[in-house]
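Asker: Got a structure for you, written out below as C-alpha cells; questions coming shortly.
The values are calculated or read from the model by the stated rules, or taken from the named source; none is laboratory data. Remember, it's a predicted structure, so these values are computed and weren't measured experimentally. Cβ coordinates were reconstructed from backbone atoms using ideal geometry, including for glycine residues, and neighbour counts include every protein chain displayed.
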Amino acid sequence: MRFRSGAKLDPSQVTDVRGRGGMGGPVLAGGGGLGVVGLVIFVLYTVLSGGSGDLGGLGSLDGQSVSTGAPSTLGQDCQTGADANNRQDCRIVADVNSIQAYWNSTVRGYTPAKTVFYTDAVQTGCGAASSQVGPFYCPADKQVYIDLGFFDELQSRFGAEGGPFAEAYVLAHEYGHHIQDLLGTLKRAQQGSGPEGGSVRTELQADCYAGVWANHAVETGLIESLTQADINSGIDAAGAVGDDRIQERTQGQVNPESWTHGSSEQRRRWFSKGYETGQPSQCNTFAGSI
C-alpha cells in the first residue's frame with residue numbers, strides 16, 4: 001500500500017494528544033450521552049478477555065493521570081503522501097483523509113469525524129478510556145480514538161499479519177460506526193444479543209463498510225495502488241479479531257452466545273463483500289441470516 005508522493009494531507013482531521021494523557025472517572029451507561037448503545041459500540045472489539053463483554057480498563061482510571069508530553073508536531077510533519085509512506089502516524093492521517101473523502105462523496109450531508117491519537121488513557125465525550133479497550137468510536141462526541149500501540153498488539157497478541165493496509169482496515173471499521181451513527185442505524189446494536197444479535201450485526205456492517213471504502217480507496221486520490229496482498233492483510237486482520245478466535249486464544253473454548261462482533265469467518269466474509277461490491281447498499285447485515 002503506497003500513497004501518492006505529492007498528495008496533500010489534511011492533518012487537521014487528526015487531534016494528537018499522545019503523551020498528554022487523560023484523567024477522570026469511568027465510562028458509565030448514560031454518562032455523557034453514551035448510553036447502552038455506546039457501550040456496545042465502544043470498541044473495535046469489546047473483549048480483550050475472551051468475549052465476556054468486559055470493557056477492559058475502563059473502570060480503573062478514576063483519579064489517575066498520565067504525564068504531559070510535548071506539543072504535537074503532526075501538523076508540520078504530515079504534509080504529503082511522501083510523509084505517509086515514511087511515518088506510521090502520517091500514514092494513519094492519510095488513511096483518515098482517504099476514508100472521509102470517500103464517505104463525504106457518498107453520504108449526503110456527511111459530517112467529518114476527527115480521529116484522536118492518544119497514549120495509555122484519554123478523556124472522551126463517552127468518559128475516560130484506557131488503551132486496553134482498543135480503537136473505538138465515541139458517538140457522544142463523534143470522534144474515533146486510537147492508541148497507535150494497538151497495531152503492535154494486533155500482531156503480537158491477536159496473531160494478525162499486520163501491515164499498512166491492516167491498519168487502514170481498523171480505521172475504516174471505526175469510521176463505519178460513524179456512518180451508522182449518521183444514518184441512525186447505530187442504535188440497532190442494542191436489538192437482541194448473541195450470534196444473531198444487534199451488536200454482531202452492527203459490527204459486521206462496519207466491516208462491510210470498511211471493504212466498500214477499500215474498493216474506492218484509489219479513487220480518493222491519496223492512495224497510489226492497492227495490491228491483492230494488501231487486501232489479504234485486511235481480511236486477515238478482520239479474522240484475527242473474530243469473537244471465536246479471541247475466545248479460543250484466551251479461554252480455550254468458544255461460546256457464541258457471548259459474541260458481540262461475529263466470528264472470524266463472518267468478519268472476513270463481510271469485509272470481502274463490501275470490497276467486492278463497492279456498494280454500501282450491499283452491507284445490510286440487519287436482514288436475514290449473517
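Asker: Give me the pairs: first residue in region 142-158 and without any contact (Cβ under 8 Å) to a residue 40 or more places away in the chain and among the basic types (Lys, Arg), second residue surrounded by fewer than 20 Cβ atoms within 10 Å (Cβ to Cβ) and part of a helix (DSSP H, G or I), beta-carbon distance under 9 Å, and six or more apart or on different chains, which are they?
Answerer: Taking only residues 6 or more apart or on different chains, the pairs are Lys142/Leu182; Arg157/Arg249.
Asker: So which residues in region 216-252 are touching a strand residue (DSSP E or B) at 6+ places or on another chain (Cβ under 8 Å) and buried (at least 21 other Cβ atoms within 10 Å of the Cβ)?
Answerer: Scanning region 216-252 gives Ala217, Leu222, Ile223.
Asker: Something else now. Looking at region 210-235, I want the residues that are at negative phi and have a partner that is part of a strand (DSSP E or B) and exposed (fewer than 14 other Cβ atoms within 10 Å of the Cβ) with Cβ atoms under 8 Å, at least 6 apart or on another chain. Which pairs are those?
Answerer: Taking only residues 6 or more apart or on different chains, the pairs are Val218/Ser225.
Asker: Please go through region 180-206 and give me each residue that is acidic (Asp, Glu) and outside any helix (DSSP H, G or I), ordered by number.
Answerer: Answer for region 180-206, where residues must be acidic (Asp, Glu) and outside any helix (DSSP H, G or I): just Glu196.
Asker: (1) within 14 Å of the chain's Cα centre (by Cα); (2) of a type in the set (Val, Ile, Thr); (3) surrounded by fewer than 24 Cβ atoms within 10 Å (Cβ to Cβ): which one isn't true of Thr202, the others all being true?
Answerer: Failing condition for Thr202: (3).
Asker: Within the bounds of region 237-260, is there any residue that is at pLDDT 95 or above, of a type in the set (A, V, I, L, M, F, W, C) and closer than 16 Å to Thr106 by Cα?
Answerer: no
Asker: Tell me whether region 155-171 contains one or more residues that are assigned to a strand (DSSP E or B) and on the phi > 0 side of the Ramachandran plot.
Answerer: No.
Asker: Given (1) farther than 28 Å from Phe117 by Cβ; (2) touching a residue at least 40 places away in the same chain (Cβ under 8 Å), where does Arg269 come up short, assuming only one miss?
Answerer: All conditions pass for Arg269, except number (2).
Asker: Scan region 216-225 and give yes if some residue there is closer than 17 Å to Tyr275 by Cβ, in contact with a helix residue (DSSP H, G or I) (Cβ under 8 Å, 6 or more places away or on another chain) and at pLDDT below 95, otherwise no.
Answerer: Yes: one or more hits.
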